[in-house]
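Shown next, in structure tokens, is the structure this report addresses.
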Amino acid sequence: MTFADPVRGASFFVDANIFVFHFQPHALFGLSCTDLLRRVELQEPSGYTSTLVLGEVAHRLMTLEASARFGWPTKIVDRLKQNPATVQRIVHFRQEPPGQQSCKRLEGWFQNS
């Protein structure tokens, strides 16, 4: 099954990687993840997620930002623990990229489930 396969009336769980590839555009999967989330907004199909997944997404986006911002290729969480002041400098993971409003629409996912 691919992201293009789910049809109107179908329901499925949206895991963290779909959001990560959407918000941190992935060369191979980014566009299909964005398309899937747009289809879910239209409820074609219905998608559901959890607060645990959203926490995973925030954590992953934070570590990706820290890696890029500070040039840390590995052991990012360990480095953040050793340098707690650097956490305050990581702010982009909390903001949505321009032109995207998926975070605001996620609220509806929880209200409808």
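A few points about this structure:
- At least 3 residues being among the polar types (S, T, N, Q) and at pLDDT below 90 is the threshold, and among the helices (runs of 4 or more DSSP H) wholly inside the range 10-113 those reaching it are 102-112.
- Of all residues in the range 30-68, those that are within 12 Å of the chain's Cα centre (by Cα) and acidic (Asp, Glu) total 1.
The values are calculated or read from the model by the stated rules, or taken from the named source; none is laboratory data. It should be emphasised that the depicted structure is a prediction, and the values quoted were computed from it without experimental measurement.
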